[in-house]
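The values are calculated or read from the model by the stated rules, or taken from the named source; none is laboratory data. Since the model is a prediction, treat every value here as computed from it, not as a measurement. Because the Cβ atoms are built from the backbone with ideal geometry, glycine has one as well, and the counts that use them run over all protein chains shown. Quick note on the areas: whole protein, heavy atoms, side chains included, nothing else; ligands and nucleic acids left out. Shrake-Rupley method; radii C 1.70, N 1.55, O 1.52, S 1.80 Å.
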Amino acid sequence: MKEIKAGAIFIADAHDNANKKGFLNFLKALENGTIAMPPQLFVMGDMFDYLSITAYCKEFYKKHIELLNSLGKRTQIYYFEGNHDFNLAQIFPNLEVFDIYHQPQIFTTKFGEKISLAHGDIFLKPLDTLFLRLLRSRAFLLIMDKIDRAFSYKITKNILKKQANKRLDYKIIDFEFVIGAKIHNYQTPKIIEGHYHQGVNLAFDKQIYINLPCFASEQRYFVVEYTNEMKFQILRSPNV
């Protein structure tokens, strides 16, 4: 079982697009040393408004892809696919990519405490699960890519345009109820996820649930520290 090391960085939900380049700036800062290279980088999903194996989005995010693969040669990067970025193993050969079917992943702290890590869109209703399975299907994506090419990539361009205007700094009023309904599916005392953009810690009987805030909205990432337990040091990404 893999251990979360001191100094590891967690980052979630950057939703980079033509107007938002916070994640790209973050990667550049790692590359040039403005941010110290961590022993591990946990990329918790939805870092792009849309990235998969289709042609246009791979070209659109070419700089991000090149930087991530370059950084993956220098440190261990764990990429947890989200609902905006999937079928990525082929795109990121230098990263350890966890698709939705292999989440949550269980890591440990240096004290041996088990922690479930996931993007967050798991343990959903059957219809939602079926829809997402189809959306992430390699066969479906390749068919849609051929159609997209035939229409000068208008489908992907339209997806990216619509996502770029989406509001990301929202609050879910009944969020504790939403998580409470699925917390029993996790078999560890602590859970860390992105996806929901809430940036809160919740206590459920014997379990602690940590939801990472949306990097696109807050430009914050987290560095793991160990005292008598694992803690997060909250840092703001430099504007580079």
| Of all residues in segment 65-85, how many are touching a strand residue (DSSP E or B) at 6+ places or on another chain (Cβ under 8 Å), crowded, with 20+ Cβ neighbours inside 10 Å and of a type outside the set (Ser, Thr, Tyr)? | 6
| Can you name every residue in segment 47-70 that is of a type in the set (Ser, Thr, Tyr) and closer than 19 Å to Asn19 by Cα? | Tyr50, Tyr56, Tyr61
| task | Search segment 1-28 for residues that are among the polar types (S, T, N, Q) and pair each with any residue that is open to solvent by 20 Å² or more (accessible area, probe 1.4 Å) when their beta-carbon atoms are under 6 Å apart and the residues are at least 6 apart or on different chains. | result | Asn17/Ala164; Asn19/Ala164; Asn25/Val240
| query | Quick check, is Lys171 on the phi < 0 side of the Ramachandran plot, free of Cβ contacts under 8 Å to residues at least 12 places away in the same chain and basic (Lys, Arg)? | reply | no
| Is there a residue being over 22 Å from Ile192 (Cα atoms), open to solvent by less than 10 Å² (accessible area, probe 1.4 Å) and in contact (Cβ under 8 Å) with a residue 12 or more places away in the chain anywhere in segment 36-46? | no
| task | Go through segment 146-179 and count every residue that is assigned to a helix (DSSP H, G or I), open to solvent by less than 70 Å² (accessible area, probe 1.4 Å) and not hydrophobic (A, V, I, L, M, F, W, C). | result | 3
| request: Give me the pairs, please: first residue somewhere in segment 121-132 and part of a helix (DSSP H, G or I), second residue anywhere and of a type in the set (S, T, N, Q) and open to solvent by less than 70 Å² (accessible area, probe 1.4 Å), beta-carbon distance under 8 Å, and either six or more positions apart or on two chains. | output: Leu132/Asn83
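Does segment 180-187 contain any residue that is farther than 29 Å from Leu68 by Cβ, open to solvent by less than 50 Å² (accessible area, probe 1.4 Å) and of a type in the set (Gly, Ala, Ser)?
yes
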| message | So, in segment 134-145, how many residues would count as being in contact (Cβ under 8 Å) with a residue 24 or more places away in the chain and part of a helix (DSSP H, G or I)? | response | 6
| Here are some residues: Thr129, Thr108. Which one is farther than 16 Å from Ile191 by Cβ, surrounded by 13 or more Cβ atoms within 10 Å (Cβ to Cβ) and over 16 Å from the mean Cα position of the chain (by Cα)? | Thr129
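Consider Ile208 carefully, then state whether it is surrounded by fewer than 14 Cβ atoms within 10 Å (Cβ to Cβ), outside any helix (DSSP H, G or I), without any contact (Cβ under 8 Å) to a residue 40 or more places away in the chain and among the β-branched types (Val, Ile, Thr). Quick ask: steps written out before the conclusion?
Details: surrounded by fewer than 14 Cβ atoms within 10 Å (Cβ to Cβ): no; outside any helix (DSSP H, G or I): yes; without any contact (Cβ under 8 Å) to a residue 40 or more places away in the chain: yes; among the β-branched types (Val, Ile, Thr): yes.
Here the answer is no, as Ile208 does not meet what is asked.
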| query | Restricting attention to segment 111-126, and to residues there that are at positive phi and out of contact with any Lys or Arg (no Cβ under 9 Å at 6 or more places or on another chain), which single residue is least open to solvent (accessible area, probe 1.4 Å)? | reply | Gly120
| Positions within segment 180-205 being in a helix (DSSP H, G or I) and either among the β-branched types (Val, Ile, Thr) or under 18 Å from the mean Cα position of the chain (by Cα) (or both), in sequence order | Ile183
